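Asker: For reference, the structure I am asking about is given below.
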Amino acid sequence: MRLLSIGVLGISVLMLAFAGAARPSNADLKRQVVNAERAFAATMKARDHAAFTGFLAEEAIFFSGSTPLRGREAIARAWRPYYDGPRAPFSWEPEQVEVVDSGTLAYSGGPVFDAGGKRVGRFNSIWRLEAPGKWKIVFDRGDEPCACRAGAPEQKAQAAQPPQPPQAARSVP
């Protein structure tokens, strides 16, 4: 009986060790999200609407004007026109990514550029880990950049006001 207890304890310790070792570090998870965001952005350049849709969680919400787009199919329909034509109308790239300690949710944000490469906004996305290494977008919102000078009174006044509905290209079909 004592041997059985020691054996069960030993197996339990080994299982815990392997479970802890199998979980990616926060840095690894951030790299996964950066790679997912870059691959998501690459769908626009490649004009691959099906691949774009594959990054959307079934229950995703994209904030677009005053009415949020709810669900993968609604977002895919609304974004279809952006994928028509030979040239991408805009692009984006991640510049900031954070992952919660549980490793199940992540934030990505960065600039949005028009077809000529001019910065025209900023995107903000929330990603959910749906399977090991498989991230999907659950929330997305774009904002126009502030045209204010750094430290200008207008910028300080704007910062004190509640946020307005977004109008940036990435979230407004």
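Asker: Amide H to amide H, which residues 5 or more places from residue 64 or on other chains are under 5 Å from it, using H placed in the peptide plane?
Answerer: Hits under the 5 Å cutoff: 69.
Asker: Just order 54-60, 32-38 by mean Cβ neighbour count inside 10 Å, highest at the front, would you? Working shown, then result.
Answerer: Details: 54-60: 17.3, 32-38: 19.3.
In decreasing order of mean packing, 54-60, 32-38 become 32-38, 54-60.
Asker: Add +1 for every Lys or Arg and -1 for every Asp or Glu among the other residues with Cβ under 9 Å from the Cβ of residue 135, and state the total.
Answerer: +1
Asker: Same structure, new question: Starting at the first residue of segment 108-117, write each ³J(HN,Hα) from the Karplus equation 6.51 cos²θ - 1.76 cosθ + 1.60 with θ = phi - 60°, in whole Hz, x for Gly and Pro.
Answerer: Calculated HN-Hα couplings, in order: 9, x, x, x, 10, 10, 6, 4, x, x Hz.
Asker: Exposure proxy check: 29, 105 ranked by fewest other beta carbons within 10 Å?
Answerer: 105, 29
The numbers here are math on the coordinates, done by the rules we state, and not lab data. The shown structure was predicted, so the numbers you read here are calculated from the model rather than taken from an experiment. Ideal geometry is used to build each Cβ from the backbone, glycine not excepted, and the neighbour counts take in all protein chains shown.
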